[in-house]
Amino acid sequence: MLAYGGRYEVNDDVITHYVDISLFPNWVGGAQKRRFEVNANGTLTLSARLEEGTPQARSARLVWRRADV
């Protein structure tokens with residue numbers, strides 16, 4: 001599980017999260033950048049390359065869909 005929160009800024013297709021609180025203490029005070037895409041089908045996709053340059057490097061993708069009300 002991963003959770004973090006704080007302010008954010010959008011530039012072109014990149015959203016930068018300025019981390020104020022996180023389950024990963026080393027993220028607090030830093031910035032996390034994600035590429036985003038909003039699709040016609042109503043989904044929002046965030047993707048990132050995490051821990052780039054380390055043996056733990058991996059790609060992450062999170063897909064959100066608006067709930068039907």
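The values are calculated or read from the model by the stated rules, or taken from the named source; none is laboratory data. Values in this document were obtained by computation on a predicted structure and should not be read as measured data. Every residue, glycine among them, receives a Cβ derived from its backbone with ideal geometry; neighbour counts consider all protein chains shown.
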Those residues of region 19-41 that are surrounded by 11 or more Cβ atoms within 10 Å (Cβ to Cβ), more than 18 Å from GLY6 (Cα to Cα) and of a type outside the set (Asp, Glu) come to a total of 1
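Of everything in region 1-18, what is of a type in the set (S, T, N, Q) and surrounded by fewer than 10 Cβ atoms within 10 Å (Cβ to Cβ)? Give them in sequence order. Don't jump to the end; show me each part of the working.
Step one: of region 1-18, the residues of a type in the set (S, T, N, Q) are 11, 16.
Within region 1-18, just ASN11 meets the criteria.
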Name the pairs whose Cβ atoms lie under 9 Å apart, with the first residue in region 42-62 and within 16 Å of VAL14 (Cα to Cα), the second in a strand (DSSP E or B) and at pLDDT below 90, and 6 or more positions between them or separate chains? SER59/ARG49; SER59/LEU50; ALA60/ARG49; ALA60/LEU50
Find all pairs meeting these conditions: Cβ atoms under 6 angstrom apart; at least six residues apart or on different chains; first residue within region 27-38 and more than 15 Å from GLU51 (Cα to Cα); second residue among the β-branched types (Val, Ile, Thr) and at pLDDT 95 or above. VAL28/VAL19; ARG35/VAL14; PHE36/ILE15; GLU37/THR45
Residues that are part of a loop (DSSP other than H, G, I, E, B), surrounded by 10 or more Cβ atoms within 10 Å (Cβ to Cβ) and among the aliphatic types (A, V, I, L, M), drawn from region 49-67: ALA57
